[in-house]
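Take a look at the structure below.
The values are calculated or read from the model by the stated rules, or taken from the named source; none is laboratory data. Keep in mind it's a predicted model, so treat the numbers as computed, not measured. Ideal geometry is used to build each Cβ from the backbone, glycine not excepted, and the neighbour counts take in all protein chains shown. For accessibility, only protein heavy atoms count, side chains too; no ligands or nucleic acids. Shrake-Rupley method; radii C 1.70, N 1.55, O 1.52, S 1.80 Å.
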Amino acid sequence: MNQVVIENPILNSPYREPTRYRLFDDDGITNDISDGRRPSSYFVPIAAPKKKGKQLAFETEWIKERQRENDEVNRIRRRVSIWRQGGYSGVTATTRRLLEYWRDAERENKLFFCQIEALETAVYVTEVASKYGDGWIDGYLREQNADAGSPL
């Protein structure tokens, strides 16, 4: 396994949507950069082998075999992005003022993009999704919360 040294890991401003990301290969993260936003994904954990005396070595191609995309999260991100680019249509006047305030470039304590996107997603799910045929988002989130034992 190659050891990668990344001199400057910061590729994007925290105040704007990410536009570049580092790629993974079979050995892990690389110095190779791709344009766009990294799709949401996760790594499937592999249980440690049971110890019998001495610790066993465990070799694996850890990226290709274990990385899975969060398809629903990526779909929600795309829908919220389209809605954002379209000017937040379908929201109440109060919500529009809040969105403008949160995104104000002159604001003293500006919010990070990830914070704004979380707020936008909550607004989209509660006020807009069902108006634009995206009611599946609410259903998906309720199902995930029910599976996790969390009331929504």
Margin query: Looking only at region 82-102, count every residue that is closer than 16 Å to Pro18 by Cα, of a type outside the set (A, V, I, L, M, F, W, C) and open to solvent by 70 Å² or more (accessible area, probe 1.4 Å) and tell me the total.
Written below: 1
Margin query: For region 103-152, give me each residue that is modelled with pLDDT of 95 or more and among the hydroxyl-bearing types (Ser, Thr, Tyr).
Written below: Thr121, Tyr124
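Let me confirm something: among Glu106, Glu69, which residue is in contact with a strand residue (DSSP E or B) (Cβ under 8 Å, 6 or more places away or on another chain) and open to solvent by 60 Å² or more (accessible area, probe 1.4 Å)?
Numbers: Glu106 fails: in contact with a strand residue (DSSP E or B) (Cβ under 8 Å, 6 or more places away or on another chain).
Criteria check complete, one pass: Glu69.
Would you check which residues across region 109-122 are open to solvent by 50 Å² or more (accessible area, probe 1.4 Å) and either touching a helix residue (DSSP H, G or I) at 6+ places or on another chain (Cβ under 7 Å) or over 16 Å from Asp138 (Cα atoms) (or both) and list them?
Quick first cut of region 109-122, residues open to solvent by 50 Å² or more (accessible area, probe 1.4 Å) only: 109-110, 112, 114-115, 118-119, 122.
Scanning region 109-122 gives Asn109, Lys110, Phe112, Cys114, Gln115, Leu119.
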Next item on the list: Give region 123-149 a look and list any residue that's more than 19 Å from Thr95 (Cβ to Cβ) and either open to solvent by 50 Å² or more (accessible area, probe 1.4 Å) or touching a strand residue (DSSP E or B) at 6+ places or on another chain (Cβ under 6 Å) (or both), or say none.
Entry: Gly133, Trp136, Tyr140, Arg142, Glu143, Gln144, Ala146, Asp147, Ala148, Gly149
Notebook entry, point to check: Name the residues in region 9-63 that are exposed (fewer than 12 other Cβ atoms within 10 Å of the Cβ), in a loop (DSSP other than H, G, I, E, B), modelled with pLDDT of 90 or more and not β-branched (Val, Ile, Thr), would you?
Noted result: Pro9, Ser13, Arg16, Gly36
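Return the residues of region 76-97 that are outside any loop (DSSP other than H, G, I, E, B) and either in contact (Cβ under 8 Å) with a residue 12 or more places away in the chain or in contact with a Ser or Thr (Cβ under 7 Å, 6 or more places away or on another chain) (or both); say none if nothing qualifies. Break it down stepwise before answering.
Filtering region 76-97 down to residues outside any loop (DSSP other than H, G, I, E, B) leaves 76-85, 93-97.
Once the filter is applied, which keeps residues that are outside any loop (DSSP other than H, G, I, E, B) and either in contact (Cβ under 8 Å) with a residue 12 or more places away in the chain or in contact with a Ser or Thr (Cβ under 7 Å, 6 or more places away or on another chain) (or both), region 76-97 yields Ile76, Arg77, Arg79, Val80, Ser81, Trp83, Arg84, Thr95.
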